[in-house]
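Visitor: Pasting in a structure now, in structure tokens, and then I'll have a few things to ask.
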Amino acid sequence: MTLTLPALRTRRGTSRARRRPVAVLLSGGFLVVVAAVAALAPVLAPHSPDATSLLDSFLLPGAPGHLLGTDSTGRDTLSRLMYGARLSLLAPLGVVALATIAGVTLGLLAARGPGWLDVLLSRAMDVVFAFPGLLLAMLAIAVFGRGLTAPMIALAIAYTPFVGRVVRSLALQESARPYVESYQVMGFGRLAVTLRHVLPNLTPVIAAQSALAFGYALIDLATLSFLGLGVRPPQSDWGSMIAQAQPALLQGLPWPAVVPGIAVLLTVVAVNVLGDHLGNSVGRTGERS
Amino acid sequence: MHSTPATLTAPRSRGTALAATALLAAATAACGGSAGGGGGDQRQFDAEYTSDVPAAATPVEGITWNLPTGEPPILDPAQSAVESISTVVSNMCEGLFTFDEDYGLQPALAESVEHPDDLTYVFTLREGATFWNGNPVTADDVVYSVTRILDPALASPWAAWAVNFESITATAPDEVTLRLTGPDPMVDNFFALPAFTVVERATAEAAGPAFGSAGAGVMCTGAYEFAAWDQGQSIELTRNDDWWNSEAEPLVESVTFTFVTDPSAQVASLRSGETDGQWIVPTAGFDQLSEEGDLLFGESLQNFFISATDLTGPMGDPAVRDALQAAIDYEGISESVYRGTAEHLRAVVPPTAYGYAEDVFQEAYEELPQPAQDLDRVAELVSQTPRASEELVLAYLAAADEDTRAATAIADAANQAGMNVQLRPLTPPEFGALFASPQAREGFDALLSVGYLDYPEPLAYYQFFTTGNFYNFAGWSDPEYDALIGEALGTVDDTERAELVARAQAIILEQDIVIPIVSLPTAVYHGPELTGLAPRETYRYTPWLAALGGE
């Protein structure tokens with residue numbers, strides 16, 4: 001008994017570390033389904049997302065032909081949810097892609113470039129970091145008008161320091177490692193060492209950071225749409241669906257707001273679970289190495 | 001070779017309105033709201049019209065009243081042609097006359113008016129009337145005020161009354177004489193409107209263009225005095241205890257106007273008692289507010305319409321305008337958007353505005369076709385004109401849920417039939433600017449809006465669409481229409497004038513320059529502890545606060 005129990009505990013612990021938690025699998029599965037639904041919305045949606053019928057407004061979920069009911073203009077909530085997933089996912093993806101490209105570039109330049117450039121870029125990132133992203137996006141909308149392009153660029157700028165600071169920090173640590181010096185002694189250029197050897201080692205962390213940023217970008221863009229500053233009607237994303245459903249709440253009709261609200265909630269939770277898992281995996285890998 | 005990870009950082013957590021709404025929605029779902037059924041038919045609201053309410057009996061120290069159309073840009077009576085300004089100014093500033101409940105003229109700063117011939121009006125001013133600062137109202141102040149409105153530099157929409165104006169002079173210390181160039185059947189009404197509102201000359205001249213602004217305020221004679229304006233927050237008025245009208249005894253000591261434009265926030269604020277009342281009540285809040293306090297409906301002179309604003313684009317093609325008209329879901333807007341409280345409208349001016357020659361107007365109205373959505377006709381018209389596929393930009397007030405729903409449905413129906421209607425939701429300041437500035441209307445082809453008549457005279461509204469008129473946004477011009485309206489403006493006989501107006505009405509409706517949709521009731525809500533306020537359309541130009549008080 002005394003010999004077996006520790007052995008069992010050890011096996012369980014090892015097994016837990018190797019297996020992916022159920023939450024991660026569920027989150028991954030959920031995101032795959034959401035992405036597939038978004039991609040196949042024209043095929044899967046039972047109705048046109050813009051087809052109105054005022055006299056059929058506010059139908060409850062389960063009404064004939066409308067599984068999730070209808071909104072204030074009689075549009076099918078399920079169809080709008082499916083089509084809305086496209087912008088709701090693509091826009092934050094764009095933000096994260098831009099922020100990652102810019103953040104990685106600036107972070108590597110700061111870490112691997114001359115000292116004065118590091119000081120300059122670090123301070124610049126500190127300044128942007130201190131500016132609320134949502135406010136920057138609203139400013140962009142005020143200057144360039146409503147729509148998704150301006151706030152996407154503004155949010156990408158706001159999110160750049162989140163990636164850039166981490167990349168700089170990691171790249172500095174990496175630069176101190178013997179292999180980097182070895183490559184340089186062997187005659188490899190600084191740029192080549194950075195791109196071919198330093199950057200690949202940072203990729204898992206960058207991926208984890210981007211996954212986390214995706215969830216926040218999704219919330220920010222949905223908030224802008226909720227405030228009426230995002231997509232132009234009749235286009236829909238989940239944030240605009242919630243905003244349009246607000247008056248229905250006054251009439252005791254919560255479903256037009258609940259459905260997209262749950263979609264936002266579950267997607268952000270799923271992305272965050274995956275991001276956390278990725279981050280933890282990188283951490284464990286680092287500890288083992 | 002693996003790297004050692006640094007600590008992962010993430011954007012700072014942000015509390016969002018989204019989460020709040022999702023929680024609110026979930027909570028509402030859990031509570032099973034009182035109107036939790038589905039389907040448009042079940043969303044009907046039984047709006048009973050009220051004209052008599054119990055008189056106020058007890059004093060009230062202070063109330064908070066919301067302006068749902070937003071903060072007024074200015075409080076100059078010369079600009080009192082939009083709801084937010086008029087709702088406040090009507091309690092501060094007075095004209096020579098005022099409207100009673102049936103739009104009859106009652107003496108205000110003038111005790112009487114004589115009409116010795118068709119072209120002359122002689123006003124005898126009220127003795128003892130003073131401005132808030134104690135200075136007496138003089139004939140000079142009256143002449144200055146009326147002339148000031150006509151100054152092109154002021155760009156007052158009220159200048160339009162003066163098509164037959166010749167002169168106004170102080171003919172005695174307490175007498176003012178108005179001379180016209182020709183008979184004008186509508187001019188009497190303007191004596192009770194901001195066109196004849198009296199401001200103190202010395203104050204107005206000293207303030208210059210700033211008169212009516214937050215810094216300068218106004219100097220008038222009315223029941224309530226301008227006290228403070230915290231821009232972006234509130235406007236405060238206090239009772240004028242020296243008001244000449246001793247028969248009316250205003251019971252509310254002070255009022256704070258707020259500027260909440262979001263319908264959900266309005267209803268929440270009204271229900272909580274944070275705000276005591278407001279005119280123009282969000283349709284979605286009818287059920288909750290009627291349970292909470294007094295939600296009152298009355299006949300109105302309001303219409304809900306689409307107006308062309310640019311005829312150089314697709315709206316310049318009559319077939320496109322016709323198609324847009326046929327795309328409107330009249331029944332859906334009336335029954336679902338306005339929950340059965342709105343009536344289909346065949347003409348731009350609603351039948352409630354037939355202040356004279358009712359039989360003539362009514363007969364003409366009934367001869368007009370009953371509008372109905374006809375998507376086959378839209379498709380047919382679209383196939384006939386290539387301009388129908390051009391982008392047609394329709395502006396509307398995003399803060400109004402009714403406008404948003406109607407605009408969405410109109411655009412969808414039109415686009416499904418092959419048109420290319422693009423929606424432009426606007427904020428209250430942006431939308432308000434459409435009515436004041438041609439520059440603000442650039443880029444838009446049409447606007448969807450609620451409008452109203454100032455008094456029950458169809459001619460006054462149809463006059464807006466004559467060539468060169470301030471409110472003829474599209475620059476539409478029809479010689480026959482202009483001739484009919486011009487003739488009506490000089491016709492004193494009610495029946496003859498009504499016949500001319502009815503003929504002009506048929507022309508503008510056939511042209512679809514303005515597309516009427518529904519007529520609406522006047523609605524007002526106030527808390528259960530208040531009374532005395534009848535839901536009357538005259539509130540924009542009469543001191544409605546003077547009737548309000550405690551039970």
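Visitor: Consider B:Phe45 against the criteria (1) modelled with pLDDT under 85; (2) open to solvent by less than 50 Å² (accessible area, probe 1.4 Å); (3) not assigned by TED's automatic domain parsing to the domain that holds B:Ala400: it satisfies all of them except one. Which criterion is unmet?
Guide: (1)
Visitor: Select from the stretch B:518-543 the residues that are of a type in the set (A, V, I, L, M, F, W, C) and open to solvent by 10 Å² or more (accessible area, probe 1.4 Å) and write down the one among them that is farthest from B:Phe257 (Cα to Cα).
Guide: Of the stretch B:518-543, the ones of a type in the set (A, V, I, L, M, F, W, C) are B:518, B:520, B:523-524, B:530, B:533-534.
Next cut, open to solvent by 10 Å² or more (accessible area, probe 1.4 Å) only: B:520, B:523, B:534.
Working: B:Leu520: 24, B:Ala523: 18, B:Ala534: 19 Å.
The residue in question is B:Leu520.
Visitor: Being under 24 Å from the mean Cα position of the chain (by Cα), within 30 Å of A:Gln244 (Cα to Cα) and assigned to a helix (DSSP H, G or I) is the filter here, so list the residues in the stretch B:325-357 that pass it.
Guide: B:Gln325, B:Tyr330, B:Glu331, B:Gly332, B:Ile333, B:Ser334, B:Glu335, B:Ser336, B:Val337
Visitor: To continue, here is another question. Within the stretch A:53-111, can you find the residues that are in contact with a His (Cβ under 7 Å, 6 or more places away or on another chain) and assigned to a strand (DSSP E or B)?
Guide: A:Asp76
Visitor: Being facing chain B (nearest Cβ under 7 Å), open to solvent by less than 10 Å² (accessible area, probe 1.4 Å) and of a type outside the set (Val, Ile, Thr), is that true of even one residue in the stretch A:177-200?
Guide: Step one: list which residues in the stretch A:177-200 are facing chain B (nearest Cβ under 7 Å), which gives A:179.
Narrowing the set further to residues that are open to solvent by less than 10 Å² (accessible area, probe 1.4 Å) leaves none.
No: zero hits.
Visitor: List every residue pair whose Cβ atoms lie under 9 Å apart, where the two residues are 6 or more positions apart in sequence or sit on different chains, the first residue falls within the stretch B:306-329 and is free of Cβ contacts under 8 Å to residues at least 24 places away in the same chain, and the second residue, located anywhere, is surrounded by fewer than 24 Cβ atoms within 10 Å (Cβ to Cβ).
Guide: The qualifying pairs are B:Thr312/B:Gly475.
Visitor: Within the stretch B:62-109, which residues are more than 25 Å from B:Val176 (Cα to Cα) and among the charged types (D, E, K, R)?
Guide: Listed by number, the residues that qualify are B:Glu71, B:Glu83, B:Glu101, B:Asp102.
Visitor: Another one. Specify which of the listed residues (A:Leu155, A:Leu170, A:Leu148) is touching a residue at least 24 places away in the same chain (Cβ under 8 Å), open to solvent by 10 Å² or more (accessible area, probe 1.4 Å) and either basic (Lys, Arg) or in contact with a helix residue (DSSP H, G or I) (Cβ under 6 Å, 6 or more places away or on another chain) (or both).
Guide: Values: A:Leu155 fails: open to solvent by 10 Å² or more (accessible area, probe 1.4 Å); A:Leu170 fails: open to solvent by 10 Å² or more (accessible area, probe 1.4 Å).
Exactly one of A:Leu155, A:Leu170, A:Leu148 is touching a residue at least 24 places away in the same chain (Cβ under 8 Å), open to solvent by 10 Å² or more (accessible area, probe 1.4 Å) and either basic (Lys, Arg) or in contact with a helix residue (DSSP H, G or I) (Cβ under 6 Å, 6 or more places away or on another chain) (or both), namely A:Leu148.
Visitor: Then there's this: What are the pairs, 6+ residues apart or on separate chains, where a residue within the stretch B:356-372 that is free of Cβ contacts under 8 Å to residues at least 12 places away in the same chain has its Cβ under 8 Å from a residue that is polar (S, T, N, Q) and in a helix (DSSP H, G or I)?
Guide: none
Visitor: Let me ask another. Which of the numbered conditions does B:Val281 fail, given that it passes all the others? Conditions: (1) at the interface with chain A (Cβ under 10 Å from one of its Cβ atoms); (2) buried (at least 24 other Cβ atoms within 10 Å of the Cβ); (3) part of a loop (DSSP other than H, G, I, E, B).
Guide: (1)
Visitor: Turning to a different aspect of this structure: What number of residues within the stretch A:23-73 satisfy the criterion of being within 14 Å of chain B (Cβ to nearest Cβ) and either out of contact with any strand residue (DSSP E or B) (no Cβ under 9 Å at 6 or more places or on another chain) or polar (S, T, N, Q) (or both)? Reasoning before the result, please.
Guide: Start the filter on the stretch A:23-73 by keeping residues that are within 14 Å of chain B (Cβ to nearest Cβ), which leaves A:47-73.
If we keep only those that are either out of contact with any strand residue (DSSP E or B) (no Cβ under 9 Å at 6 or more places or on another chain) or polar (S, T, N, Q) (or both) too, we end up with A:48, A:50, A:52-55, A:57, A:61-62, A:64, A:70-73.
Residues that pass the stated criteria total 14.
Let's see how each residue does on (1) out of contact with any strand residue (DSSP E or B) (no Cβ under 6 Å at 6 or more places or on another chain); (2) within 12 Å of chain A (Cβ to nearest Cβ):
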| position | (1), (2) |
| --- | --- |
| B:Val393 | no, yes |
| B:Asp401 | yes, yes |
| B:Gln416 | yes, yes |
| B:Asn420 | no, no |
| B:Thr427 | yes, yes |
| B:Ala436 | yes, no |
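Visitor: Sort out which residues of the stretch B:358-380 are over 14 Å from B:Arg346 (Cβ atoms), of a type in the set (D, E, K, R) and more than 26 Å from the chain's Cα centre (by Cα), and write them in order of number. Show your work before the answer.
Guide: Filtering the stretch B:358-380 for residues over 14 Å from B:Arg346 (Cβ atoms) gives B:358-360, B:373-380.
Now drop any that are not of a type in the set (D, E, K, R), which leaves B:358-359, B:374, B:376-377, B:380.
Within the stretch B:358-380, B:Asp359, B:Asp374, B:Asp376, B:Arg377, B:Glu380 qualify.
For (1) within 19 Å of B:Val450 (Cβ to Cβ); (2) outside the structural domain of B:Ser290 (by TED's automatic domain parsing); (3) free of Cβ contacts under 8 Å to residues at least 40 places away in the same chain, each residue gets a yes or a no:
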site: B:Val492; (1), (2), (3): no, yes, no
site: B:Ala498; (1), (2), (3): no, yes, no
site: B:Ile508; (1), (2), (3): yes, yes, no
site: B:Ile513; (1), (2), (3): yes, yes, no
site: B:Pro516; (1), (2), (3): yes, yes, no
site: B:Gly527; (1), (2), (3): no, no, no
site: B:Gly532; (1), (2), (3): no, no, no
site: B:Glu537; (1), (2), (3): yes, no, no
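Visitor: Checking the conditions here, which among B:Glu496, B:Glu402, B:Glu457 is more than 23 Å from the chain's Cα centre (by Cα), of a type in the set (D, E, K, R) and either farther than 24 Å from B:Pro72 by Cβ or crowded, with 22+ Cβ neighbours inside 10 Å (or both)?
Guide: Numbers: B:Glu402 fails: more than 23 Å from the chain's Cα centre (by Cα); B:Glu457 fails: more than 23 Å from the chain's Cα centre (by Cα).
Being more than 23 Å from the chain's Cα centre (by Cα), of a type in the set (D, E, K, R) and either farther than 24 Å from B:Pro72 by Cβ or crowded, with 22+ Cβ neighbours inside 10 Å (or both) holds for just one of B:Glu496, B:Glu402, B:Glu457, which is B:Glu496.
Visitor: List pairs: first residue in the stretch A:83-111 and within 29 Å of A:Ala39 (Cα to Cα) and open to solvent by less than 10 Å² (accessible area, probe 1.4 Å), second residue among the small types (Gly, Ala, Ser) and not in a helix (DSSP H, G or I) anywhere in the structure, Cβ distance under 8 angstrom, at least six positions apart or on different chains.
Guide: A:Gly84/A:Ser236
Visitor: Can you tell me which residue in the stretch B:344-377 is nearest to the other protein chains (Cβ to nearest Cβ), limited to those that are open to solvent by 30 Å² or more (accessible area, probe 1.4 Å) and touching a Leu at 6+ places or on another chain (Cβ under 8 Å)? Steps first, answer last, please.
Guide: Here is the first cut: in the stretch B:344-377, the ones open to solvent by 30 Å² or more (accessible area, probe 1.4 Å) are B:344, B:346, B:351-352, B:355, B:358-359, B:362-363, B:366-367, B:369-370, B:372-377.
Filter again for touching a Leu at 6+ places or on another chain (Cβ under 8 Å), leaving B:346, B:352.
Working: B:Arg346: 20, B:Thr352: 24 Å.
Per the stated criteria, the residue is B:Arg346.
Visitor: For the stretch B:200-209, how many residues meet the condition of being open to solvent by less than 40 Å² (accessible area, probe 1.4 Å) and either among the basic types (Lys, Arg) or at pLDDT 95 or above (or both)?
Guide: We begin by selecting, within the stretch B:200-209, every residue open to solvent by less than 40 Å² (accessible area, probe 1.4 Å); these are B:200, B:203-204, B:207-208.
If we keep only those that are either among the basic types (Lys, Arg) or at pLDDT 95 or above (or both) too, we end up with B:200, B:203-204, B:207.
Count: 4.
Visitor: Looking only at the stretch B:53-66, decide whether some residue is modelled with pLDDT under 95, open to solvent by 50 Å² or more (accessible area, probe 1.4 Å) and of a type in the set (S, T, N, Q).
Guide: Among the residues of the stretch B:53-66, not one is modelled with pLDDT under 95, open to solvent by 50 Å² or more (accessible area, probe 1.4 Å) and of a type in the set (S, T, N, Q), which makes the answer no.
Visitor: It is to be established whether one or more residues within the stretch A:225-241 are facing chain B (nearest Cβ under 7 Å) and under 14 Å from the mean Cα position of the chain (by Cα).
Guide: No, because not a single residue in the stretch A:225-241 is facing chain B (nearest Cβ under 7 Å) and under 14 Å from the mean Cα position of the chain (by Cα).
The values are calculated or read from the model by the stated rules, or taken from the named source; none is laboratory data. Keep in mind it's a predicted model, so treat the numbers as computed, not measured. Positions of Cβ are backbone-derived with ideal geometry, glycine not excepted, and every protein chain shown enters the neighbour counts. SASA here: full protein model, heavy atoms, side chains in, ligands and nucleic acids out. Shrake-Rupley method; radii C 1.70, N 1.55, O 1.52, S 1.80 Å.
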